[in-house]
Amino acid sequence: MPVIRVALDLPLPQPFDYLADDATPDDVGHRVLVPFGPGDKGRKLGIVVALADTTDQPAEKLRPALEILRDMPPLPATWRELCAFCARYYQHPLGAVMALALPPLLRKGRLPRRRPKAPAPAPAGAIPELLPEQAAAVAAIGEGRGFRTYLLHGITGSGKTEVYLRAIAQVLQGGGQALMLVPEIALTPQLIGRVSARFPDAHVVTAHSGIPEAARGWGFLDALEGRADIVLGTRLAVFMPLPRLRLIVVDEEHDPSFKQQEGLRYSARDVAVVRAKQLDIPIVLGSATPSLESFHHAAGGRYRLLELQRRAVAERLPAVATVDTRRKKLRDGLSEALIDALADTLARGEQSLVFLNRRGYAPVLACPACGWISRCRRCAANLVVHLADRRLRCHHCGLEAPIPRHCPDCGNQDIQPFGRGTQRLESFLADRFPEARILRIDRDSASTPGRWQALLDTIHEGGADILVGTQMLAKGHDFPRLTLVGVVGADAALFAADFRAPERLFSQLMQVGGRSGRAALPGRVLIQTEYPDHPLYRALAGHDYGGFARGQLEERRAAGFPPFSHQCLLRAEARDMAQALAFLAEARRAGEGLAGEAVGLYDPVPMRLARLMNLERAQLLVESASRPALQAFLAGWSASLHARKAPAGLRWHLDVDPQEL
Amino acid sequence: MPGPARNSVAIAGVLLERGALRYTPGGQPVLEFLLAHRSARTEAGTQRRVECEMACLAMGPTALLLDGAAVGDAVEAKGFLAARSLKRRSPVLHVETIEFIEGAKNGIQT
């Protein structure tokens, strides 16, 4: 009797065997309903990953599958192989990978019924002329045969999207499908509208977690059955099955949101490259500030570098200058130079943006009389003052409390917010510029896609003079009247513990600076800093990404950090730190036996945020100069970790290629 | 409140400086001001002139009352002393009651 191997969404690496009378080799890739657990009640949905004649299971333990769901085409072999790769590479159970890769409705064993109404097609816009660099990039991508990774390094405003659209047009003409991944924050109705308007006859599917279940189900089926021409989505779209996929585009490839921070901790950019290789098709990674990993590959010739060094519309790049705040008196954190520049811009009827990457009114509420501060009782972090709705909030676990009327320790009512967030900046600017229309843009003011869109519309209609915003504003938005960007409070990232912090800061500031002067008006960027001579700010002022990247790569080479080494973190969470550290110490001993010369294990240490949601957290870093050596080690180590029983209440996971240390 | 817990100060003077009315995060109005005191006292049998400045803080209704006052106004303030902060231990008079002194100029009653 045929036996089917079924991948189930369970924290166990191996597939499960079931009897299936009617199973044929064509059933591999179908979803299947199987009994699970003691008794007859429990059932689970899995995916048939193989057919077998024999099984290691004793006959009395082998149970028949309930039903093979043949109501949609089987998930193709390439899709299953991609999932299997992720399972191996990220040390995650195959069933859990497949469950993540399926939309929720299909994962529940159902299919969407009524097809949601397609949005009205956007009016087709004029197709802009290509600049010579853009044309050369499009040609290079088009002439390639087979797998090739292109790194499209284009300064902000150089027209990268136009290059993507032309490359996609080439693929559609040849009857292929295209996949375009964008960071969460950049997937706006504008981008979707731009793509649909360019390809009015194409079936464009958008895929992200905010889409209703039925629509997501249809999107997946349209992709799987070949009806979709273009899939545009966030990181999870990398798993969309596309039988005629001929091109993958990853926009803003450096963006940290491509790396999932829970469950399957995959990098959608890296998985996209693997997928392109698997299918032998080209992939374009685009960015104004490529990740140092990608830049390093391009420098070494593994990726082909395509550069766009001229702005498509605006003539000049914004002038970037630092404001030395060491000996200056600041008013609510703003220097006179920046306040004057804001006043000038306002007088000219142009828009300004003050960038502060910290939302809320102030990062902490404190009692000056006794020293009490607003700590989160669940995390090793402070509660942030949100004066707009009179709440204290933990930005890590979401704990909320009303603002106390007086100090809980000494009774003093004159407790004070310390430090500065976007709300405080907004209220200062409102006092200082009563005639200006001020708009705050952060996760609090743009808490839903609808509110976010309304804010963007207000900006575009010229309904705001001064914007105060976090990194939400940094990406992919063109504001034609924006001519001044002020950067406040950026210095902290210069000296952060994470070696990637400068890379992130540089790309963030480059992006936010790139918002200014994108149309006919020249732009200006003022960065307030106590370190005006820091190489990072100098490189920014010189628009010198290459110089900055080479400098950073030199430092990383000297320190043996990625991309010159490959890393994995084992993280443990437990009720108390000692337990977490002890588990890691034991894991380390087990690992030392398996690690050869090429793999090094560091000491277990508490994480930077040492307590989250009442769990104490610690981590153990494993490093190797060789990716295959690290992978080989992880396979054995992960098996040994699964085999040992973790103490009750302790949870652990492996994070391969961690983005945050 | 006699004994070791006693902390009570009464002082008259004119407003030398006054801050803008602000609010605690809990919504209480707060007004900080500097009081200039001038008087004549007898010290160890000798008449002398006395001058000093006192940092004051009023909260709640007292703060609202003081918000109507201008620099140069004469007042009598009663309250208790508390350190400015954990680090700066010099005292600030926390005003509990305030009385405006009619017809006063430069702290000298006419």
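Just so it is clear, none of the values below were taken in a lab; they were calculated from the coordinates. Bear in mind that the values here come from a model prediction, so they are computed numbers and not experimental data. Cβ sites come from the backbone with ideal geometry, for glycine too, and all protein chains shown count toward neighbours.
The equivalent ellipsoid that matches the C-alpha gyration tensor of region A:140-232 spans semi-axes of 23, 17, 12 angstrom, in descending order. Counting beta carbons within 10 Å around each of B:Thr97, A:Thr188, A:Thr289, A:Thr325 and listing the fewest first gives the order B:Thr97, A:Thr188, A:Thr325, A:Thr289. In chain A, the longest principal axis of the Cα atoms and the axis of helix A:268-279 are about 50 degrees apart.
In what sequence do A:Ile281, A:Ile441 fall when counting other Cβ within 10 Å, fewest first? All intermediate terms of the calculation are to be shown ahead of the outcome.
Working: A:Ile281 21, A:Ile441 24.
Lowest to highest Cβ neighbour count: A:Ile281, A:Ile441.
For a quick check of your reading of the filter: which GluC sites (Glu not before Pro) in region A:198-292 sit in a DSSP loop and have no more than 16 other Cβ atoms within 10 Å?
On the way: sites: A:Glu213, A:Glu225, A:Glu252, A:Glu253, A:Glu262; in loops: A:Glu225, A:Glu252, A:Glu253, A:Glu262.
Filter output for region A:198-292: A:Glu225, A:Glu262.
Of the DSSP beta bridges with both residues in region A:3-101, give the percent that are antiparallel, rounding to the nearest 5.
Values: 18 of 19 bridges.
Antiparallel bridges make up about 95 percent of those DSSP assigns within region A:3-101.
Under a Cβ-only charge scheme (Lys and Arg +1, Asp and Glu -1), can you give me the dipole magnitude of region A:132-308 about the Cα centre, in debye to the nearest 20?
I would put it at about 340 debye.
Positive end of the dipole of the protein assembly as shown (Cβ unit charges, origin at the Cα centre): among B:Ala82, A:Asn382, A:Gly286, the Cα lying farthest that way belongs to B:Ala82.
Using the empirical formula 2.2 N^0.38 Å as the baseline, the Cα radius of gyration of chain A reaches a ratio of 1.03.
Beyond 24 Å in Cα-Cα separation lie the following of the pairs A:Lys160/A:Lys259; A:Lys329/B:Lys87; A:Lys117/A:Lys160: A:Lys117/A:Lys160. Legend: mean number of C-beta atoms from other chains within 10 angstrom of residue C-beta atoms, peptide B:20-27, equals 6. Estimated from helices alone, the mean residue ellipticity of chain A at 222 nm is -9000 deg cm²/dmol (sum of -39500 (n - 2.57) over DSSP H runs with n ≥ 4, per residue). In plain terms, the residue of A:Phe583, A:Phe355, A:Phe479 with the fewest other Cβ atoms within 10 Å comes first and the most crowded comes last, giving A:Phe479, A:Phe583, A:Phe355.
Dipole check for region A:566-656: with +1 at the C-beta of Lys and Arg, -1 at the C-beta of Asp and Glu, and the Cα centre as origin, the magnitude is about 280 Debye. Bridge orientation summary for chain A: considering DSSP beta bridges with both residues in this region, about 50 percent are antiparallel. Average 1/r across all pairs of distinct alpha carbons in region B:9-103, invert it, and you get the Kirkwood radius: 14.0 Å.
Comparing A:Gln631, A:Asn614, A:Ala595 along the charge dipole axis of region A:566-656, the residue lying farthest to the positive side is A:Asn614, per the Cβ-charge model.
Determine the percent antiparallel among the DSSP beta bridges restricted to region A:182-299, to the nearest 5. Don't skip to the answer; put the middle values down first.
Numbers: 1 of 9 bridges.
Antiparallel bridges: around 10 percent, rounded to the nearest 5.
Counting, for every residue in B:84-92, the Cβ atoms of other protein chains within 10 Å of its Cβ and taking the mean gives 2.
Computed over neighbours whose Cβ is under 12 Å from that of A:Phe295, the net charge equals -1, Lys and Arg +1, Asp and Glu -1.
In debye, nearest 20, what is the charge dipole magnitude of the protein assembly as shown about its Cα centre with +1 on Lys and Arg Cβ and -1 on Asp and Glu Cβ, if you could check? Intermediate results must be reported in sequence, preceding the final value.
Numbers: 95 positive and 82 negative charges, 135 e Å.
The calculated dipole for the protein assembly as shown is roughly 640 debye.
Counting charges near A:Ala369 (Lys, Arg +1; Asp, Glu -1) among other residues having Cβ under 10 Å from its Cβ returns a value of -1.
Charge tally around A:Ser640: other residues with Cβ under 14 Å, Lys/Arg +1 each, Asp/Glu -1 each, net +2. Taking the C-alpha atoms only, the angle from helix A:501-513 to the longest principal axis of chain A is near 60 degrees. With unit charges on the beta carbons (Lys and Arg positive, Asp and Glu negative) and the dipole taken about the Cα centre of the protein assembly as shown, which residue among B:Gly72, A:Val34, B:Ile98 sits farthest to the positive side? About the Cα centre, the residue reaching furthest to the positive side is B:Ile98.
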